[in-house]
Amino acid sequence: MTEQQFHTAAIWFGFASAAIMFIFLLFFTAPYGRHVRAGWGPTLPNRAGWILMETAAVFSILYFFFTALNGPIRMMWIFLLIWEIHYLYRTYVFPFTLRDTGKRMPVTIIVSGIAFNVFNGYLNGRHLAWNAGLYTSAWFADLQFLAGTALFFTGLGINIHSDRILIALRGDGSTGYKIPRGGLYRWVSCPNYLGEVVEWTGWAILTWSPAGLVFAIWTAANLVPRALSNHQWYKQKFPEYPHERKAILPYTL
């Protein structure tokens, strides 16, 4: 089996595993954040867990891209820059904004996150390296690339703004949970998750690649069930929780 054949098989595995994970997570909520619970083995502080998981995403795409690139980088740095803008924020900025002293994350969750990020970095890094010659300068002026990029940064903006609203809820030094308000929280319980789904849908469009599509589908398969769990948690914890809110998609879901 050549590596290109292995990569194609990995793409199909990504699609299949996303479907399996989606169904699994509809019935089982991953034990981190507000859903953390005992019985999942050793744990690390939340901040350390985030940094370890996301660092794998920062560097894996670079490794798999540059170790397969056979020729000049051309305009491919634009793709890498877009990817890294998200992950540098997610890895080295976001964890230090959290007011989660004492909260911990199971090592099993961290390891699974690292494994996915390396797998995802492999799919996307190799695709970009092998297809560098196809992404000519004309591609970066094409409406498809521009629309995908606009969608990506719209999603990133939604994600960051929603995170800041959550973080501000503990601006007085409190550690408990409160009902978030403002921004897209007016319509959904988890606009930060909605932002990530929008982001990586934009990535799939701007790269127009099966690797990008796998990532977009995986993101939705992971975060939609998580949003449904969070939405149900809010309604159970707060009797006054706004009844008009949906979980992740305004007026729909």
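We did not get these values from a lab; they are worked out from the coordinates using the rules stated. Small disclaimer: the values here were computed from a predicted structure and weren't measured. Cβ: placed from backbone, ideal geometry, glycine included. Neighbour counts: every protein chain shown.
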Practice prompt. Would you mind counting up the charge near N120? Only other residues with Cβ under 15 Å from its Cβ, with Lys and Arg at +1 and Asp and Glu at -1.
Written response: -2
Practice prompt. Using DSSP to define loop residues, name the trypsin sites (Lys or Arg not before Pro) in region 66-99 whose beta-carbon has at most 16 other beta-carbon atoms within 10 Å.
Written response: R74, R99
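Let me know the longest stretch in the chain that avoids all GluC sites (Glu not before Pro) found in a DSSP loop with at most 11 other C-beta atoms within 10 Å.
1-239
Can you tell me how much longer the chain between M75 and F27 gets when fully stretched, taken as 0.36 nm per residue apart minus their C-alpha distance, in nm with one decimal?
12.9 nm
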Worksheet item: For the chain, what number results from the quotient of the Cα radius of gyration and 2.2 N^0.38 Å?
Response: 1.04
Discussion item. Test of understanding: what is the full-extension gain from Y89 to W12, defined as 0.36 nm times their sequence separation minus their Cα-Cα distance?
Written reply: 24.8 nm
Discussion item. Along the Cα→Cβ direction, 7 angstrom out, place labels at F59 and W208. What is the inter-label distance in nm?
Written reply: 3.5
Response to the item:
Long-range amide H partners of V188, meaning residues 5 or more apart or on another chain whose placed amide H is closer than 5 Å, are K246
Worksheet item: Straight-line reach from K237: which lysines have a Cα under 17 Å away, not including same-chain ones fewer than 8 places off?
Response: K178, K246
Worksheet, complete the sentence: Taking r as the C-beta separation of L143 and S112 and R0 as 41 Å, the FRET efficiency to the nearest 0.05 is 0.65
Discussion item. If you filter region 116-203 for chymotrypsin sites (Phe, Trp or Tyr not before Pro), then keep DSSP loop positions with at most 15 other Cβ within 10 Å, what is left?
Written reply: Y177
Worksheet item: Taking θ as phi - 60°, what are the ³J(HN,Hα) couplings along region 136-145 by the Karplus curve (6.51, -1.76, 1.60), each to the nearest whole Hz, with x for Gly and Pro?
Response: 6, 4, 5, 4, 7, 10, 6, 4, 5, 5
Practice prompt. Could you calculate the contour length gain from Y251 to L169, that is, 0.36 nm times the residue separation minus the distance between their Cα atoms, to one decimal place in nm?
Written response: 27.0 nm
